[in-house]
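The values are calculated or read from the model by the stated rules, or taken from the named source; none is laboratory data. Since this is a predicted model, take the numbers as computed values, not measurements. Cβ coordinates were reconstructed from backbone atoms using ideal geometry, including for glycine residues, and neighbour counts include every protein chain displayed. Keep in mind that these areas ignore ligands, DNA and RNA; they rest on the heavy atoms of the full protein, side chains included. Shrake-Rupley method; radii C 1.70, N 1.55, O 1.52, S 1.80 Å.
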Amino acid sequence: DGSGFSKAVEESVSLQLEIEKRIQRLTKKRHDIITQIEGLENTNYIELLKLKYIDDERFEAIACSMGYSYGRIVHMHGEALQAFGRKYLGQ
């Protein structure tokens, strides 16, 4: 009986379409977030947030690449999130 196989193919195609839709939504959301980060006025905040959330870097690596101490980067991260919240989330 080919009906079981047909049903499995239909489900597979349906799942693939759903995955593609989700990828498109996430890609758009990622692009929107990058645009928002780049809209901040402080270039250090922009660099830090992109390294952390776009490049998925750890604070230790960010501190080395930006030339700041780990503690300063953690503090600056908090400042950057506050600036982001004020600008885009009304906080």
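Brief remarks on what is shown
- 14 Å beta-carbon shell around Thr35, net charge (K/R +1, D/E -1): +3
- When only the Cβ of Lys, Arg, Asp and Glu is charged (+1, +1, -1, -1), the dipole of the chain relative to its Cα centre reaches about 300 debye.
- Entry note, the chain: relative contact order of 22 percent, from Cα contacts under 8 Å with a spacing of 6+ residues.
- Per residue, in Å², the accessible surface of the stretch 3-91 once ligands and nucleic acids are set aside, probe 1.4 Å: 74
- Listed values (1) 3, 16, 25, 31, 21, 4; (2) 3, 15, 28, 25, 16, 10, 4, 0; (3) 3, 13, 17, 16, 11, 9, 6, 6, 6, 5, 4, 3, 1, 0, entry calculated as P(r) over Cα pairs in 5 Å bins from 0, in percent: (3)
- Additional length obtainable on full extension of the chain from Leu89 to Thr27, 0.36 nm per residue less Cα span: 20.2 nm
- Placing unit charges on each Cβ (+1 for Lys and Arg, -1 for Asp and Glu) gives the chain a dipole about its Cα centre, and among Ile46, Gly90, Ile62 the Cα reaching farthest toward its positive end belongs to Gly90.
- MRE, 222 nm, helices only [DSSP H, n ≥ 4, -39500 (n - 2.57), over the chain, to nearest 500]: -24000 deg cm²/dmol
- Percent accessible area from carbon and sulfur atoms, the chain, protein chains only, probe 1.4 Å: 54
- The stretch 47-91, relative contact order [Cα under 8 Å, separation at least 6], %: 29
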